[in-house]
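> What follows is a single structure, and I will ask about it in a moment.
Read the figures in this text as sums done on the coordinates, not as results from a lab. Keep in mind that this is a model prediction, so the values were computed, not measured. Note that we place each Cβ from the backbone using ideal geometry, even for glycine, and neighbour counts take in every protein chain shown.
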């Protein structure tokens, strides 16, 4: 492992590293090393000095993991999937693979698989493609295949929407949708993890909502989505 990477494992100053994308809760940065990863950190302006969200109620602020609850859910779901694929080598999932954790001057960061477009930039989300009127039949098919993959692998995604799904053709050399955020059981009682049927119903409902949005907003003639 490079010396610079070993030093980074102790602490990484990211104050001069540009934010590539910003979500409702997280800042996304592209690291020079490792080049196959993005760094996701909680936006500092929405947390207090103890790592709790400032806009949450008292009960929510008492949760021990605080602003890192979503990070914990993603790691836990990824570990579950790794356990299920324990004897397989080089397996791929319809969610971004987790690489590790990294302390930074913006708090604890999550290193995750970088999903890119054909030019090496961060892959566009389905929401961005809808807004730009770039949705085509290949995107619809990839989204349907993504749904089937999540159901087949019993992947639980607590926040499943168009902003958390990206489209790429470079990850597996074919059109593909990948969930980059929000996976893991969000319910207090993990019913979707316990029940394949409940999880399947939830995934179908969320994906159908996205497909309906595509049908309503697309200005290009598309194949009829399988709802």
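> Exposure proxy check: 146, 53, 91 ranked by fewest other beta carbons within 10 Å?
By the 10 Å Cβ count, ascending: 91, 53, 146.
> Which one, 208, 196, 118, has the greatest fluctuation when you compute a Gaussian network model over the chain with C-alpha springs under 10 angstrom?
Evaluated over the chain, the most mobile residue of the options is 118.
> Still on this model: Report the label-to-label distance for residue 187 and residue 131 in nanometres (one decimal), using points 7 Å from each Cα along the Cα→Cβ vector.
Distance between label points: 3.1 nm.
> Report the gain in length on full extension from residue 92 to residue 200: 0.36 nm times residue separation, minus Cα-Cα distance, nm rounded to one decimal.
That pair, residue 92 and residue 200, stretches by 36.9 nm at full extension.
> Could I ask something else about it? State, in angstrom, two size descriptors of segment 57-168 derived from its alpha carbons: Rg to one decimal place and Dmax to the nearest whole number.
16.2, 47
> Over the Cα atoms of the chain, how large are the radius of gyration and the largest Cα-Cα distance (Dmax), in Å?
Considering the chain through its Cα atoms, Rg and Dmax are 18.0, 53 Å.
> Modelling each spin label as a point 7 Å along the Cα-to-Cβ direction, I'd like the residue 152/residue 15 distance in nm, to one decimal.
4.9 nm
> Cut-off 10 angstrom, C-alpha nodes, Gaussian network model of the chain. Which of 74, 217, 200 fluctuates the most?
Comparing 74, 217, 200 in the GNM, the peak value goes to 217.
> Then there is this: Take every Cα pair under 8 Å in the chain that's 6+ residues apart, average their separations, divide by the length, and report that relative contact order as a whole percent.
Relative contact order for the chain comes out at 18 percent.
> Using only alpha carbons, build the gyration tensor for segment 105-227 and give me the equivalent ellipsoid semi-axes, biggest first, whole Å.
Sorted largest first and rounded, they come to 23, 20, 13 Å.
> Follow-up. Given a Förster distance of 35 angstrom, what is the FRET efficiency for residue 145 paired with residue 46, based on the Cβ-Cβ distance and rounded to 0.05?
0.50
> Taking square-rooted eigenvalues a ≥ b ≥ c of the alpha carbon gyration tensor, is segment 3-113 rounded, prolate or oblate, where a/c under 1.5 means rounded and, failing that, a/b exceeding b/c means prolate?
Verdict is oblate for segment 3-113.
> May I ask you to derive the relative contact order of segment 107-227, considering only C-alpha pairs under 8 Å and at least 6 residues apart, and to give it as an integer percent?
29 percent
> 222 nm [θ] for the chain, helices only, -39500 (n - 2.57) per DSSP H run of 4+, per residue, to 500?
The per-residue figure over the chain is -10000 deg cm²/dmol.
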